[in-house]
1. Give me the pairs, please: first residue somewhere in region 121-146 and farther than 16 Å from residue 20 by Cα and part of a loop (DSSP other than H, G, I, E, B), second residue anywhere and at pLDDT below 95 and more than 16 Å from ligand 2 (Cβ to nearest atom), beta-carbon distance under 6 Å, and either six or more positions apart or on two chains.
2. Within region 85-103, can you find the residues that are of a type in the set (A, V, I, L, M, F, W, C) and either surrounded by fewer than 16 Cβ atoms within 10 Å (Cβ to Cβ) or in contact with an Asp or Glu (Cβ under 9 Å, 6 or more places away or on another chain) (or both)?
3. Being among the acidic types (Asp, Glu) and either surrounded by fewer than 13 Cβ atoms within 10 Å (Cβ to Cβ) or closer than 27 Å to residue 142 by Cα (or both) is the filter here, so list the residues in region 172-227 that pass it.
4. Taking residue 201 as the residue in question, decide whether it is among the hydroxyl-bearing types (Ser, Thr, Tyr), more than 16 Å from ligand 3 (Cβ to nearest atom) and either modelled with pLDDT under 95 or within 21 Å of residue 274 (Cα to Cα) (or both).
5. What single numbered condition from (1) closer than 20 Å to residue 273 by Cα; (2) touching a residue at least 24 places away in the same chain (Cβ under 8 Å); (3) away from ligand 1 (no atom under 16 Å from the Cβ) fails to hold for residue 232?
6. Among the numbered criteria (1) more than 12 Å from ligand 1 (Cβ to nearest atom); (2) touching a residue at least 40 places away in the same chain (Cβ under 8 Å); (3) in a helix (DSSP H, G or I), which one does residue 101 miss?
7. Inside region 1-43, can you point out the residues that are within 28 Å of residue 180 (Cα to Cα) and surrounded by fewer than 24 Cβ atoms within 10 Å (Cβ to Cβ)?
8. Here is a list: 173, 150. Which entry is part of a helix (DSSP H, G or I), in contact with a Ser or Thr (Cβ under 6 Å, 6 or more places away or on another chain) and not β-branched (Val, Ile, Thr)?
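The values are calculated or read from the model by the stated rules, or taken from the named source; none is laboratory data. Source: prediction; values computed, not measured. Counting neighbours? That spans all protein chains shown, and the Cβs are built from the backbone with ideal geometry, glycine included.
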Amino acid sequence: NSIDILSRAKGCLLGLTVGDALGARFEGQAAYWITRKYKSPQQLIDNPPTKEIYYTDDAQMMIGIAEALCQDGCIEEKTLCQKFVNNYVPSRGYARGARKVLKAMEKGQDYRKIASSYFKGGSFGNGGAMRVAPIGLFFYQDLQKVMENARLSSLPTHTHPLGIEGTQLLAIAVALATSMEKWDKELFYEKLFAHCQSPEYRAQLEKAQKLEDCSELATVGNAITALESVPTAIASFALNPHSFTDTIGHSILIGGDTDTVAAMAGSISGAFLGVEAIPQNLLDALENEGKGRDYITELAEKMVGK
Ligand code: 8NA
Ligand code: MG
Ligand code: MG
Ligand code: MG
């Protein structure tokens, strides 16, 4: 029952988008409030809080990366920034550093300078990682290319080493999920550790690997920083490798940066399980006008040459 690459590509991009769109309804809330109403992932996925769900900056910037890859076959900074700017709609919800950098890009100013100085040492927010999935998908057969293109995709906005490394690790997780036929937890983490550079991420991945139950997921973090969200998304997938519902559901039930953790986890899960694993009611609820469900589906087809 091997899953073909087209289904994985759609699963990856749409998995990210529905994770973002459902998670966005809960962004910034405490787990306590969310779990008062939703007792399980299944309950949450079966009863989305609104009839339609709309994606945020996470999927909007992912679309830019996918478009840039379709155009150039690799990450060219100029193309990528053009795509980010063309797609930029502030009302989708961008963090403050990201807004500054995108504004500078839009005006043709030195965005690199702003990106590296707005926060000391550059941003280590999860904005590089939240959008990177298409790179893991596109280069899944060559992990060196995944690392290099993920780094390049981070640099226009996220220049802090912890921001870049989080972006690379999420891309590697997507690439591994895309190529995996059978779930192998040991191999999955082994390959992630092989691409890990800092003691900070090593410690976080060790914590993630040791988790035995989703009730402990929040201990890895649910924050807006890459270090406290990328390993969480990876863990949510690795704890629920056979269920898209449980992967994004648990990512949301822990509260905090729910749209982003669910987007990242959803992209990994969708790449492993294929689009058929995404609950139909969520796909039906996803916005479809403009660059919505159908457009993202076409992007996935283009990315794998179908
Ligand atoms: P970013 O680069 O502004 O970083 C996000 C946040 O991380 C910053 O606002 C800071 O609080 C913190 N941060 C990053 N680097 C540093 C540093 N060197 N020193 C101190 N603090 C730092 O933006 P981003 O693109 O990384 O953010 C991604 C997040 O923004 C995602 O959660 C995404 O969903 C979105 N977001 C949107 C809203 C909204 O308005 N709806 C709210 C939160 C997050
Ligand atoms: Mg968002
Ligand atoms: Mg289930
Ligand atoms: Mg977020």
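1. 122/116
2. Across region 85-103, the qualifying residues are 85, 89, 95, 98.
3. Step one: of region 172-227, the residues among the acidic types (Asp, Glu) are 181, 184, 186, 190, 200, 206, 212-213, 216.
Selection gives 181, 184, 186, 190, 200, 206, 212, 213.
4. So residue 201 does not fit the description; no.
5. Residue 232 satisfies every listed condition except (3).
6. Residue 101 satisfies every listed condition except (1).
7. Let us first name the residues in region 1-43 that are within 28 Å of residue 180 (Cα to Cα), namely 1-23, 40-42.
Those that are within 28 Å of residue 180 (Cα to Cα) and surrounded by fewer than 24 Cβ atoms within 10 Å (Cβ to Cβ): 1, 2, 3, 4, 5, 6, 7, 40, 41, 42.
8. After applying the criteria, what remains is 150.
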